[in-house]
Amino acid sequence: MRLILICVALTGALVSPAFAHTGVGPVDSFASGLAHPLNGTEHILAMVAVGLWAVLAGGRAIWIWPTSFVATMLAGFAAATLGLQVPLVEPAIWSSIIILGLFVAFAVRAPVWPGAAIPALFAFFHGHAHGTEVAAASLIPYAAGFALATVGLHAAGIGLGLLAERSRGGVALRVLGGLAVLGGLALVGS
């Protein structure tokens, strides 16, 4: 738990407000919802990091953590489409990449349910950002598309994690977490 707090504090010191969702393309169909997470480095890094951390935890976390992410992301989407204003959405998105990457890099362990709450918290902000982008006429198809793409990215993270876990002492898995952190820091600086 102490390592989790240290990772959060470090991220707070390193992350400045950034805009992960500027210049968003069309958001009016299932196809645009499916494509959106695959076109943004911040999406790919965060979703893959969820899968990597779930593999590190093992057991039920492998399916519970990504499922909690997708469910809470859809709740954040719904909240945004209903007009709920939430502060610090973009910094929370950037923080998710860095914090989840640090959790993998430092092999942070968490029990299944408290561990599920961490990616779920970040997921609300990811979903909220999507919900503020979408046109009213295309809510359900767009949400279905980005939820499916998110599941695919989690699956990619789980697959990479399972392959990397077989390395010497799981070093490759931790290196992937470090790469996510570096990617997140590079995105914040751009």
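The values are calculated or read from the model by the stated rules, or taken from the named source; none is laboratory data. Please read all numbers here as calculations on a predicted model, not as lab measurements. Backbone-built Cβ (ideal geometry, glycine too); neighbour counts: all protein chains shown. These area figures cover heavy atoms from the full protein model, side chains too; ligands, DNA and RNA do not enter into them. Shrake-Rupley method; radii C 1.70, N 1.55, O 1.52, S 1.80 Å.
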Residues to consider are G101, G115; find the one that is over 24 Å from A186 (Cβ atoms), among the small types (G, A, S), open to solvent by less than 10 Å² (accessible area, probe 1.4 Å) and assigned to a helix (DSSP H, G or I). G115
Note on F146: of the conditions (1) part of a helix (DSSP H, G or I); (2) in contact with a Gly (Cβ under 8 Å, 6 or more places away or on another chain); (3) farther than 19 Å from G33 by Cα; (4) at pLDDT 90 or above, unmet is (3)
If you go through the range 63-80, how many residues are of a type in the set (V, I, T) and surrounded by 20 or more Cβ atoms within 10 Å (Cβ to Cβ)? 2
Scan the range 12-22 and tell me whether some residue there is surrounded by 16 or more Cβ atoms within 10 Å (Cβ to Cβ), modelled with pLDDT of 50 or more and either of a type in the set (K, R) or touching a Leu at 6+ places or on another chain (Cβ under 9 Å) (or both). no
What about I140, is it of a type in the set (V, I, T) and open to solvent by less than 60 Å² (accessible area, probe 1.4 Å)? no
What are the residues in the range 131-181 that are more than 24 Å from G76 (Cβ to Cβ), without any contact (Cβ under 8 Å) to a residue 40 or more places away in the chain and not small (G, A, S), if any? L163, R166, R168, V171
